[in-house]
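The values are calculated or read from the model by the stated rules, or taken from the named source; none is laboratory data. Since we're looking at a predicted model, the values are computed, not measured. Positions of Cβ are backbone-derived with ideal geometry, glycine not excepted, and every protein chain shown enters the neighbour counts. Remember, those area values only see protein heavy atoms, side chains included, never the ligands or the DNA or RNA. Shrake-Rupley method; radii C 1.70, N 1.55, O 1.52, S 1.80 Å.
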Amino acid sequence: MVLGFTAAVVGFFALLMWLDARDEGQAAPAAAVAAPAATPGAQTDVHAHATAAGLESFAGATPDNAEDIAAAHKPYPAEMPALQAGSLAKFDLVLTDRTVEIAPGVEYSAWAWEGGAPGPVLHVREGQTVQITLTNNGAIPHSIDFHAARIAPNVAFKDVMPGESFTYRFKADDPGVFMYHCGTKPVLMHIANGMYGAIVVEPEAGTLPVADKNYVLVASEWYLNTNGLETPAEFNMTKAHARQPDWMTFNGYAGQYVAHPLVAKPGELVRFWVVDAGPSLDTDFHIVGTIFNTAYPFGDMNPADALHGVQTVTVPAGGGAVFDVKIDDPGLYPFVSHAFAAVDEGQVGLLKVGNVKGTMSH
């Protein structure tokens, strides 16, 4: 069994669900987010982490000051960006090799974007023409595959050599939230190294009720060859083939929306646009303490196909779904993948409804 986080990391993430992962004799106490761990210098024993395939796991390995690092971390902006005016929306995407932080104090040598991983959220209207210009500033060939596009992949999704750029267009006729990613072989490695993002194709006005808040979440997995604490970790293909990640995240960084919660006012309609970039595992999206008013599974935005009053909806790897929730009672509402190994590995955040004081206590 993969060990839980250290007491310091438990204190940082502070979700009641993580207690379940410690039932088998773990000594780490549950702690409040507001209260640092009682054991100075506690750190996960990464050498004790063994997976079913005998692979060493680095899940939960963070520095002693993980909580401070998490608080200082600038979270990936989950708020959906504005639309571009006119019939043509232009986006310049630049790929580059860079080091990113994927959990407090954990660095990773990524193939990513100028801003890190995931790439920027692209927001367009149904019916707009989308122009994508990909510039490859990395060391090897890359490409870009848009799941929102109906286009010949051998033409549009071709490899772009280092130092070169390529432009193509597609018409966004299918509303929903979609993944984009590098499609160069081996695709597993390119996606797992951070080459993914989300595009929201907003339906025509009047199709959906107007949301007060729109948040975009991209779920993903990280497979590490070291713990990333002393030097940046790199991709481990054996773990990726075994589907045994060390970290699982929303928007590229473990638990960032616990230290920096997403916010809403009581009674507001909050819409989550969720993509699962994988590369291999599903996300079972759930918000603790409430039920989705409406869910649009698989990104199907036809209101006649929507689900109502559901608790958890699977977002498959490479897929997307949209969730509407309206919460009247002020409080802290964790959003998670209800496959709880993912929660232990960082795929968790908080929606803070109202002017709530304090933190999660369990």
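At-a-glance table
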read-out	value
FRET E, pair residue 65, residue 90, Förster distance 41 Å, beta-carbon r, rounded to 0.05	0.45
Amide H contacts of residue 125 (H built 1.01 Å from N, under 5 Å, at least 5 apart or other chain)	202
Residue 155/residue 212 FRET efficiency (R0 41 Å; Cβ-Cβ; nearest 0.05)	0.50
Solvent-accessible area, 1.4 Å probe, carbon plus sulfur percent, for region 229-362	50 percent
Within region 185-286, GluC sites (Glu not before Pro) in DSSP loop having at most 12 other beta-carbon neighbours inside 10 Å	204, 230
Under 5 Å, built H, 5+ apart or other chain: amide partners of residue 319	276
Pairs from 213/265; 213/326; 90/171; 74/352; 171/213 whose Cα-Cα separation, in the structure shown, is over 21 Å	171/213
Cα-Cα pairs of region 46-165 separated by more than 26 Å (percent)	42 percent
Region 203-362: C-alpha gyration tensor shape, a/c 1.5 cut-off, then a/b vs b/c	oblate
Pair residue 314, residue 204: separation of 7 Å Cα→Cβ label points (nm)	3.3 nm
Hydrodynamic radius of region 177-261 per Kirkwood, over alpha carbon pairs, in Å	15.1 Å
Ranked by how many other beta carbons lie within 10 Å on average, peptides 149-161, 189-201 from highest	189-201, 149-161
Reachable lysines from residue 185, criterion Cα separation under 24 angstrom, eight or more residues apart if same chain	158, 239
Gained length - residue 79 relative to residue 185, 0.36 nm times residue gap less alpha-carbon distance	35.0 nm
Region 150-224: C-alpha gyration tensor shape, a/c 1.5 cut-off, then a/b vs b/c	oblate
